[in-house]
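Data block below; observations after.
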Amino acid sequence: QNSVAQISWKCTNDSELRRKIESSDNVIIAMPAKAAGTSFKRFARECNPPKSADIGFPSNIYDRKNMKEILTHSWDMPRIIPAHFWIPEHLSKLLRNASRKTLIIYSHRDESSRFNSAVKHVLTQWCKGEPNPPIPEPRSKFFNKIDGDNCYLDENKLIDKVLQPHRFEMHFSTNRILTCQSYHSIEEYAPNMIFVDYSNASKIQELLSEKYCPNMKSTFEITTPKTYMIYITREADGESVLLSDWMDRKMPFLEWTLQLNDQASCLVKTRQMEDELDSCEGGFLDAKSVPK
């Protein structure tokens, strides 16, 4: 797509971001899976006007029913709406249609780190016996052994049943959401938008609370659930190693062996954005559309 504009990246400090928040009427926090979404949703429930806080902040705000509920649920409109984005077109719709007084904060996480976290999350849910996401076969059959909070999984099954299909949180990746269409929407529609590193969730909440809920005394840290230990039994020697150790050792090879970026587009722009964001001392990056 040819564009008459281009994105100019600029690091933003606390004071500049505070001014952006002060001049906005509402804030939408967008993110892929495993980028501080739970932390932002808990914060929004406490910070928003009481009657608007129980809308539930559905992950898919572009579902027609959910959009209507936001408009009709309460006279007091939510000022902060955190939303996971699963479909690239939905993020592009937001970027094209948000008003100039809506501040869009995109919570970003490097895809290798995000995918690593998503794998651990899904396997922990299955180890706990949670029904979501659905496990591919009965829990007692899926794991080699379950010993209290310790679950043992065969290395081949990890690859065949978990990594290669990479469904659920593993599938909803940064690189599937930030596409050419997304960047083109930023260029052509000039939304009021900043990118932040997901690890700065508490700082963002502090700045938002100054305007929207100044009496709120605490922020919500990125959640760390009760530890369930997942062990991977290696094929080569039968030794069991922690999933975290297995993933740390194999992660540099997973993106290309699993072809995780096959459905990505304009990855060069995402990597440019990441380089710019990494260089920002405060961890905030303004995305401005400027004429070519």
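The values are calculated or read from the model by the stated rules, or taken from the named source; none is laboratory data. Here the structure is a predicted model, which means the values were calculated and not measured. Please note: Cβ atoms are built from the backbone with ideal geometry, for glycine as well, and neighbour counts cover all protein chains shown. With ligands, DNA and RNA removed, areas are computed over all heavy atoms of the protein, side chains included. Shrake-Rupley method; radii C 1.70, N 1.55, O 1.52, S 1.80 Å.
Mind pulling the per residue volume of the convex hull built on the Cα atoms of the chain? Å³ is fine.
144 Å³
Using helices alone, what [θ] at 222 nm do you get for the chain, with -39,500 (n - 2.57) per DSSP H run of 4 or more residues, divided over all residues and rounded to the nearest 500?
-11500 deg cm²/dmol
How do 6-12, 164-170, 135-141 rank on mean C-beta neighbours within 10 Å, highest first?
For the peptides 6-12, 164-170, 135-141, the packing ranking is 164-170, 6-12, 135-141.
Pulled fully out, how much extra length does the chain show between Val290 and Asp245, if you take 0.36 nm times their separation in residues and subtract their Cα-Cα distance?
11.7 nm
Using the Karplus curve 6.51 cos²θ - 1.76 cosθ + 1.60 with θ = phi - 60°, work out ³J(HN,Hα) for each residue of the stretch 164-173 in order, rounded to whole Hz, and write x for Gly and Pro.
Computed from phi, the couplings for the stretch 164-173 are 5, x, 5, 9, 6, 4, 5, 7, 7, 8 Hz.
Quick one: Cα convex hull volume of the stretch 221-292, Å³ per residue?
Hull volume normalised by residue count: 174 Å³.
Can you give me the % of accessible surface on the chain that is carbon or sulfur? Probe 1.4 Å, all protein chains present, nothing else counted.
47 percent
Towards the positive end of the charge dipole of the chain, with charges on Cβ (+1 Lys, Arg; -1 Asp, Glu), say which of Leu71, Ser3, Gln259 has the farthest Cα.
Going by the charge dipole, the pick is Leu71.
Using a 1.4 Å probe, what is the accessible area per residue for the chain, in Å²?
50 Å²
Using Stokes-Einstein with the Kirkwood hydrodynamic radius over Cα pairs, what translational diffusion coefficient do you get for the stretch 61-147 at 10 °C and a viscosity of 1.306 mPa s, in µm²/s rounded to a whole number?
Answer, rounded: 95 µm²/s.
If you stretched the chain out fully between His171 and Asn144, how much longer would it get, using 0.36 nm times the residue separation minus the C-alpha to C-alpha distance?
In short, 7.2 nm is gained.
Would you compute, for the Cα atoms of the stretch 97-194, the largest minus smallest coordinate along each principal axis and list the three values in descending order, in whole Å?
54, 23, 19
Quick one: if the Förster radius is 51 Å, what FRET efficiency do Ser99 and Gln164 give, using the C-beta to C-beta distance and rounding to 0.05?
0.75
For labels at Ser23 and Phe253 in the simple 7 Å Cα→Cβ model, what's the distance in nm?
Going by the 7 Å Cα→Cβ label model, 5.1 nm.
Which pairs, out of Lys211/Lys292; Lys41/Lys203; Lys120/Lys217, put more than 25 Å between their alpha-carbon atoms?
Lys211/Lys292; Lys120/Lys217
With every protein chain left in place, what is the accessible area of Asp245 in Å² (1.4 Å probe, nearest 10)?
That residue has around 90 Å² of solvent-accessible surface.
Mind running the shape call on the stretch 162-242? Use the C-alpha gyration tensor, a ≥ b ≥ c as the square roots of the eigenvalues: rounded below 1.5 for a/c, prolate if a/b tops b/c, oblate otherwise.
Oblate is the answer for the stretch 162-242, as a/c is 1.5 or above yet b/c matches or exceeds a/b.
Dipole of the chain, Cα-centred, from +1 at each Lys and Arg C-beta and -1 at each Asp and Glu C-beta, to the nearest 20 debye?
The calculation lands at about 1000 debye.
Expected output is a single nm value to one decimal: the length gained when fully extending between Lys10 and Glu69, i.e. 0.36 nm times separation in residues minus the C-alpha distance. What is it?
17.7 nm
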